[in-house]
Each structure stands twice: as structure tokens, then as C-alpha cells.
1. Go through LYS174/LYS249; LYS127/LYS238; LYS252/LYS283; LYS62/LYS107; LYS190/LYS238; LYS118/LYS354 and tell me which ones have a Cα-Cα distance over 24 Å in this structure.
2. What number results when the radius of gyration of the chain, computed over Cα atoms, is divided by 2.2 N^0.38 Å?
3. With both partners inside the range 114-366, how many of the DSSP beta bridges are antiparallel, as a percent to the nearest 5?
4. Can you figure out the FRET efficiency of LYS127 with GLN67, using R₀ = 45 Å and their beta-carbon distance, to the nearest 0.05?
5. I need the trypsin sites (Lys or Arg not before Pro) found in the range 69-129, filtered to DSSP loop residues with at most 15 other beta carbons within 10 Å of theirs.
6. Can you list the HN-Hα couplings for the range 263-275, worked out from phi with the Karplus curve (6.51, -1.76, 1.60; θ = phi - 60°), rounded to whole Hz and with x for Gly and Pro?
7. Using Cα atoms only, what is the angle between the long axis of helix 179-192 and the major principal axis of the chain, expressed in degrees (0 to 90) to the nearest 10?
8. Looking at the range 168-244, which GluC sites (Glu not before Pro) are in a loop (DSSP not H, G, I, E or B) and have at most 13 other Cβ atoms within 10 Å?
Amino acid sequence: MVIQLVILGNGSPEWEGRKILPVTCFCNPICDGLQAKNELDFIFFYSWIMDNFFGTTEAEFKDLLIQWDEKPYRANQVFTGVYHRGIKNFDEISNISKSLRQKLKEKFVIELPEVAQKTESKDGTIKYLFKLLDGATVESVWMPSGSRKTLCISTQVGCRLACTFCLTGTLGLKRNMTAAEIVGQYLAVKSDLTLGEEEAVTNIVVMGMGEPLDNYQPVVDALRLMVSPEAMRISTRKITLSTSGLVDKIEKLKEENLHVNLAISLNATDNVTRDQIMPINKKYPIEVLLDCLKSYPLKPTRRITFEYVMLRGINDSLEDAKRLVRLLHGIPSKVNLIPFNPFHPVEYQAPADKTVQEFQDYLREHA
């Protein structure tokens, strides 16, 4: 067997010291133009992987500038060029030196995920299927409602938590997404939509594929970029992070000083039921999760959202509604009731409309 390494970069000094990633798929986009020789049993292509600027936080970039003997205030000039002027080529940032532009070109690329498919519903909702560099795919959903235009973004390719009512949970975890891939969904959708003077996206919900807090640091880095005045300038009030209840990571999140909205995927009012539909509950039972949330730092008038997927005959009884009121007592909260949306091969069913209405009425009367 003969094995040949094909190195992209042609030995230029600018590639020295770079990390390399093995690529075994001949049709991978980064291998375009290379042809396998017939006499080889296998060819392993290696590509020099450059950092995506979109995943670099302001703090990280300032540290890099210091390493380069550049002034930290240059970060503002570069971030303004990329995020607010939409520059895709560092050469176009005219208010920084030519030498800094060269360093940026050697270190970073400016890339958004590829829109592989775009599906629009009758109600105006648009589902985006994004293809990532390694060929993995994730979904984002844009949902317009009057002046409010919400984008739901993903944080993992698949998910390891295996919630039995969730389609993504049936896939298992393929890999975590990078901060660049996370914010790239927002930037790509915003670029794709042309709404005149209106904002293309007014709100972001981190509720797509994956458990956000299971991919902790890239998600926190992405959130910092979203709320940073130097980067995306999105109000913390307009961003909601959803989690199934990883208590250790929620405790860590308390110290991040991010102040985005928090949503908890609760979906049951007793541990026996939640153990069955959400295995993470065996590690962090309901009482442990709620105790953690009682000290979660909320800004004035903010509330924690509790998402409750209603499953017929499992968690939709009036007794469940009563327990839910008792459980949430003392926690500034609101409840989002979500009748289950059936999918094959899961056998759960949505509750009857009357059941949903009675559940909702009880919560409203006793909140």
C-alpha cells in the first residue's frame, strides 16, 4: 500500500506552524482541483485550517493584537469593518496598516455556513439547512410574527441527551459546533433576507439542534459576540438560551455576566415521568434544577421561561398543572405550553385541544 500526503499551501512561510486536519473524503470542497493518482490505494489530503474570524471574541482578538505588537484599539476598527460594514476581505479595511491586514489574511478567513436548502411555509416561516465545512448539516428556522422576527439557531450536530420526544435526540451527537458556525447562522440568514428598512431578525432563540450548555464554551463565546457593542450589538433582552437543565453548567453561566434570557425545557412535574422522557433528569432531578434556578441572576422584570411539551396521557393532566404551579412558586417565570408535534417512529400524541385549554386556564387562574 502506498500512502501519499498532499499538503495545501505550497510551502509558503505563511502556513508554517498551522494546525492540520485530516480529510479522507475526496469530494470535500477544500480538496477541489486535486486528483488521486490511480496507483495509490489511498490518498489522505491535509488542509491547513485557518481560523474563522466570526468565531473570535473581542477579548481573544485583543490578546492576539498584543502578541502582534499592535494596539488593542485596532480591534474596534476591524470588528466595525467586518460586522458593521460587511467587509469580507481584510484588504478593504483601509484604516489599519498594510502589515496588520497581511497578518489578518494569514491568520483568518471570513466565512459563513453554506445555505444548502431553504424551505418556506405558508405562514412565512423559513427553514434553512446549513452545510458546514465538513459536510455536516444543521437547521435554523426564521419565524416572522408581525414586527417580531425570531431566528432559532443550532449549537450541535445532533444531541447526546436523547430526550424521547425530540427528533434531534434520536440522532445522537455527531459533534459540537464552533462559535463561528453558531453566529454564522444568524449572519447568513440576515444576509439572505432583504426586508428593506425592517430588521431581518429581531430576536434569537438558542433552541435548535443540540443542547447549548453541553457545548458550553463555544456557545458562551457566540453569545458574547452577539451582545458585544463592537460586534453584533444585539440586546440581551432579544436573546434566549434554552437548556434541558444541566445544573452544573447553569451554575457556571451565572458567573458569565451575559444577562441573556434563560429558558428551561421542563416537560414534566414529577421525577418518574421526567426520568422517562428526559434521561438528564436522573442526574439533575427537578428539585435540584429548580433550587439552582432560584438564585439565577435576573435583571428587573425578567422571567425564566419554562417550556412544557404536552404529551397525551403522560404529562397533560390537571394534576400536572397543579404540580407545575406549586413547583414554580417563588421563581419569576412564565410557561410556554407546546402541544407535541408527532413524528415517525415516535408514538407520542398531542393532547386534545380541550385538554390544552384546561391546562392553560388553570395556570392562568393560579399563577
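1. LYS118/LYS354
2. Ratio of Cα Rg to 2.2 N^0.38 Å: 1.13.
3. Working: 21 of 41 bridges.
In the range 114-366, DSSP labels about 50 percent of beta bridges as antiparallel.
4. 0.60
5. Within the range 69-129, the qualifying trypsin sites (Lys or Arg not before Pro) (loop, at most 15 other Cβ atoms within 10 Å) are ARG85, LYS88, LYS122.
6. Calculated HN-Hα couplings, in order: 10, 10, 7, 8, 6, 7, 10, 9, 5, 4, 5, 5, 4 Hz.
7. 90 degrees
8. Working: sites: GLU181, GLU197, GLU198, GLU199, GLU230; in loops: GLU197, GLU198, GLU199, GLU230.
Answer by residue number: GLU197, GLU198, GLU199.
Each value in this text was obtained by applying a stated rule to the coordinates, not by laboratory testing. Predicted, not measured: the structure shown is a model, and the values here were computed from it. Quick reminder, even Gly has a Cβ in these numbers, built from the backbone with ideal geometry, and neighbours come from all protein chains shown.
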